[in-house]
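> What follows is a structure written as structure tokens; I'll ask about it next.
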Amino acid sequence: MNDKKFYITTAIAYASRKPHIGNTYEVIMTDAVARYKRMLGYDVYFLTGTDEHGEKIELLANDAGITPQQYVDNVAGEIKGLWDLMNTTYDQFIRTTKPSHVAAVQHMFKKFYDQGDIYKSEYEGWYCVPCESFFTDTQAKEGGICPDCGAQMTKKKEEAYYFRMSAYQDRLLEYIESHPDFIEPESRKKEMINNFIKPGLQDLCVSRTSFTWGIPVTFDDKHVVYVWLDALTNYITALGFDVDEKGELYSKYWPADVHIIGKDITRFHTIYWPIFLMAMNEPLPKKVFAHPWFMFGNDKMSKSKGNVLYADQLVEKFGVDGVRHYCLAEMPYGSDGNITIENLIKRYNTDLANNLGNLVNRTVTMTKKYFDGIIPAPTAPEALDDELKAMAEKTYADVCAQMDTYHIADAVETLFALYSRANKYIDETAPWVLAKDEAKKERLGTVMYNLLEMIRLGAILTAPFMPATSDAIFSQIGCDNREYVWGALKAGEAVGEPTALFARIDEKKMMEQIEAEQKENARIANAANEAIKAKDEPAIEIAPIAPEITFDQFMTNDLRCAKVIACEPVPKSDKLLKLQLDLGNETRQVVSGIAKCYKPDDLIGKKVMMVANLAPAKLRGVESCGMILAGGEGDHIEVVFLPDSMPLGTKIH
């Protein structure tokens, strides 16, 4: 029985859209750590999966004309396919629509309620659909902009259950301070303590009533369990945990050795999740490691910016191990990484084609040429060889130390320094010169043995990062001994056939190809958009231009920038909305006939152009003191919105 247990998890991916390369990095990194731990003899359990509930998914499913379950089935399948494509060795792919997970969450919710940790109240404030998070007026940016993702939020008011986070604040702080390795990197720990815990924890909304796609609350059927209580508990429900039944896997592997997560969800994993566990009197995970993001150049990846890269598309050009290598080598320990096609090409050519690929190919080729493919015995050592052996030993120790502390990119750099040293050894010993002198045949054999042995040791350390490449190297050197001890390579065995591990990429040619693909994709997208526009937007008769007015007549209109701070339908009218507009120095009520085209939530927080000196009028008995500008008629009206940066009350000329 193996007593060296290691339980490692990714954050479960939200099943709303296909994950980009930044999301995929997390499962690649986690897989590298899992493979490394198995290499050391650990009994590893690697969990990943999908978070499948929430308002966003319900809306996307409605737009697609399918059920939410059908929608998440499709996306979860796509995510699992990506994880498989990237050669990740997870032991379980959990889905939060799994019946056992649903039942366990319901039991936990009821337990928390029964013991007084959950209470019913009412929520009123800003809500961000992409983040599935609530924000107070002070947290939201001006105009109701999400402070996390920058999306336009909407005002929500609904009944909800809350978890008493505040009751566990002191206990959580004491735990974090007494377990200095619980949150890493250190900067994330300081952020959690100083920005969230010490200022005072707010109680957490844990149920919703405004949508139905969620786990039902068993004792109050108007409510579904809200995202974080549902999603975070996957780490234990996947192991068979339930309130009254721990499960064999849970007893074996919990607490988790590490949760690997993105830095943007550190708060949920280091505050909410530990408190949920404390409330159940269960052990906390040993570590939460919050990795940085991949930036595209200097920008965060965003579909709206058109700078999103996907793993499967990159694999078509760089191969699975080419993409794995870039991700692991380019993401620093504590600061954001950078990914562009140009950088991918450069690192691929430098590390993989020129360094590693060239080393293996010419070493195996020389063994074929000088020794008929038979591994020679090292019978003529020199002092230079001892330096090589010492570096191989140090490389193993350094890589292990770096992997144990999640300095993954540093570990990759250390490994490739070993390959660089082997290439330098070739230049120092010049086997092609030794081959010309029969008296130096034994020294030539020793040099070739040392090179093959160094490659073998490098292949062992390469396995967690580029597993298929590691296997290919072992095949080429004719050995499968994965014991990291110098001299384990057997002389007298035959090497395999030398083949190029990585063909050098023509940067100019690839960039021209990618540019052509982007142009073609843009052309197809534009054609599709035009077709939709032509189908959905019937031609309208353009009204004749009104009679001319003078400049002075026009200037009698006082147009101002105003912000919609409240909005509601006018009773007994299907066309009118009543808006409260903030002009900066006063508030005006305006009635507008746009109800068929806009819901109140579409307008709240937006800045509009208002005719401020229009005489008051009554519409359906409601006073209107001004007018907002819009274009169109009937069911096709477009309000003229102003930029968020424009100050309230600005006069429009």
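> Starting with the highest mean, order 385-396, 99-110, 14-25 by the number of other Cβ atoms within 10 Å, averaged over the residues of each peptide. Walk me through the numbers before you get to the answer.
Numbers: 385-396: 16.4, 99-110: 19.1, 14-25: 22.7.
Per-residue Cβ counts within 10 Å, averaged per peptide and sorted highest first, yield 14-25, 99-110, 385-396.
> Step through the residues of the range 424-436 one at a time and calculate ³J(HN,Hα) from phi using the Karplus curve (6.51 cos²θ - 1.76 cosθ + 1.60, θ = phi - 60°), rounding each to whole Hz and writing x for Gly and Pro.
3J(HN,Hα) across the range 424-436, in whole Hz: 5, 4, 4, 5, 5, 8, 6, x, 5, 7, 4, 5, 7.
> For the range 334-383 and the range 465-511, what is the centre-to-centre distance using only Cα atoms, to the nearest Å?
The range 334-383 and the range 465-511 have Cα centres separated by 8 Å.
> Given a cut-off of 31 Å, name the pairs among LYS80/LYS198; LYS286/LYS490; LYS141/LYS263; LYS300/LYS346; LYS56/LYS120 whose C-alpha atoms lie farther apart than that in the structure shown.
Numbers: LYS80/LYS198 39 Å; LYS286/LYS490 42 Å; LYS141/LYS263 21 Å; LYS300/LYS346 21 Å; LYS56/LYS120 24 Å.
Table pairs above 31 Å Cα-Cα are LYS80/LYS198; LYS286/LYS490.
> Based on Cβ point charges of +1 for Lys and Arg and -1 for Asp and Glu, what charge dipole magnitude is obtained for the range 340-477 about its Cα centre, in debye rounded to the nearest 20? Let's see the in-between values first.
On the way: 14 positive and 19 negative charges, 94 e Å.
Charge dipole of the range 340-477: 460 debye, to the nearest 20.
> Then there's this: Determine the dipole magnitude for the range 551-652: charges of +1 sit on the beta-carbon of Lys and Arg, -1 on that of Asp and Glu, nothing else is charged, the reference point is the Cα centre, and the result goes in debye to the nearest 20.
Values: 13 positive and 13 negative charges, 44 e Å.
Value, rounded to 20: 220 debye.
> Work out the charge dipole of the chain with +1 on the Cβ of Lys and Arg and -1 on the Cβ of Asp and Glu about the Cα centre, then indicate which of ASN194, PHE6, HIS291 is farthest towards its positive end.
ASN194
> Quick one: which of LYS18/LYS252; LYS369/LYS509; LYS155/LYS606 span more than 24 angstrom between C-alpha atoms? If you can, show how the numbers build up before the last one.
Details: LYS18/LYS252 33 Å; LYS369/LYS509 34 Å; LYS155/LYS606 12 Å.
From LYS18/LYS252; LYS369/LYS509; LYS155/LYS606, over 24 Å: LYS18/LYS252; LYS369/LYS509.
> Want the number for SER121 to THR556: 0.36 nm per residue separation, take away the alpha-carbon distance, what's left?
Result for the pair: 151.6 nm of gain on full extension.
> If you don't mind, there's one more thing I want to ask. For helix 441-462, what angle does its Cα long axis make with the longest principal axis of the chain, in degrees from 0 to 90 and rounded to 10?
Tilt of helix 441-462: around 30 degrees.
> How would the range 592-650 be classified by its alpha-carbon gyration tensor: rounded, prolate or oblate, with rounded meaning a/c under 1.5 and the a/b versus b/c comparison settling the rest?
Numbers: a/c = 1.78, a/b = 1.12, b/c = 1.59.
Oblate, since a/c reaches 1.5 and b/c is not below a/b.
> Okay, next question. With a point put 7 Å past each Cα toward its Cβ, work out how far ASN613 is from ARG17 in nm, to one decimal.
For the pair ASN613/ARG17, the computed spacing is 4.6 nm.
> Rounded to the nearest 500, what is the chain's calculated 222 nm mean residue ellipticity when only DSSP H runs of at least 4 contribute -39500 (n - 2.57) each, over all residues? All intermediate terms of the calculation are to be shown ahead of the outcome.
Values: 21 runs with 263 residues, N = 653.
For the chain, the value works out to -12500 deg cm²/dmol.
> If you place +1 on the Cβ of every Lys and Arg, -1 on the Cβ of every Asp and Glu, and leave all else neutral, what size is the dipole of the range 88-153 about its Cα centre, to the nearest 20 Debye? If you can, show how the numbers build up before the last one.
Details: 6 positive and 9 negative charges, 78 e Å.
So the dipole magnitude of the range 88-153 works out to roughly 380 debye.
> Could you state the angle between the C-alpha long axis of helix 169-178 and the longest principal axis of the C-alpha atoms of the chain, as a value from 0 to 90 degrees rounded to the nearest 10?
20
> For the range 335-435, take N as its residue count and report Rg(C-alpha) divided by 2.2 N^0.38 Å. Please report the intermediate quantities before stating the final value.
Details: Rg = 16.5 Å, N = 101, 2.2 N^0.38 = 12.7 Å.
Normalised Cα radius of gyration, the range 335-435: 1.30.
> Nearest 10 degrees is fine. How inclined is helix 21-39 to the longest principal axis of the chain, computing both from alpha carbons?
With both axes taken from Cα atoms, the answer is about 40 degrees.
> Let me ask you something else. Using the charge dipole of the range 340-477 (Lys, Arg: +1 at Cβ; Asp, Glu: -1 at Cβ; taken about the Cα centre), state which of LEU384, ASN450, ASN349 has its Cα farthest towards the positive end.
In the range 340-477, that residue is ASN349.
> Check ALA160: other-chain or 5+ apart residues with amide H under 5 Å from its amide H, H built from backbone geometry?
When sequence neighbours closer than 5 places are left aside, the close amide H contacts are SER121, GLU122, TYR123.
> Also, quick follow-up: Starting from the Cα of ALA500, step 7 Å along the direction of its Cβ; do the same at ALA383; then give the gap between the two resulting points in nm.
If labels sit at ALA500 and ALA383, their model points lie 4.0 nm apart.
> Taking θ = phi - 60°, what integer Hz values does the Karplus form 6.51 cos²θ - 1.76 cosθ + 1.60 yield along the range 486-500, in sequence order, with x for Gly and Pro?
Using θ = phi - 60°, the values come out as 5, x, 6, 5, 8, 6, x, 7, 9, 7, x, 7, x, 9, 5 Hz.
> Rounded to two decimals, what is the ratio between the C-alpha radius of gyration of the chain and 2.2 N^0.38 Å? Let's see the in-between values first.
Working: Rg = 31.3 Å, N = 653, 2.2 N^0.38 = 25.8 Å.
With N residues counted in the chain, Rg over 2.2 N^0.38 Å equals 1.21.
> Using 0.36 nm times the number of residues separating ASP336 and SER187, minus their current alpha carbon distance, what extension gain do you get? Kindly include the intermediate steps, with their values, before the conclusion.
Values: separation 149, 0.36 × 149 = 53.64 nm, distance 1.31 nm.
Length difference between fully extended and current span is 52.3 nm.
> How many nm is it between the label spots at ASN354 and GLU623, if each spot is 7 Å from the Cα in line with the beta carbon?
7.7
> Between GLU438 and GLU568, what is 0.36 nm times their sequence separation minus the Cα-Cα distance? Round to one decimal in nm. Display every interim value, and only then the final one.
Values: separation 130, 0.36 × 130 = 46.80 nm, distance 9.53 nm.
Answer, rounded to one decimal: 37.3 nm.
> Ok, one more. I'd like the antiparallel share, as a percent to the nearest 5, of DSSP beta bridges with both residues in the chain. The partial results should precede the final answer.
Values: 55 of 77 bridges.
In the chain, approximately 70 percent of DSSP beta bridges are antiparallel ones.
> For GLY496, enumerate residues with amide H under 5 Å from its amide H, sequence gap 5+ or separate chain, H modeled in the peptide plane.
ILE477, GLY478
Every number in this text was worked out from the coordinates using simple rules, so none of it is lab data. This is a predicted model, so every value here is computed, not measured. All Cβ positions, even for glycine, are placed from backbone atoms using ideal geometry, and neighbour counts span all protein chains on display.
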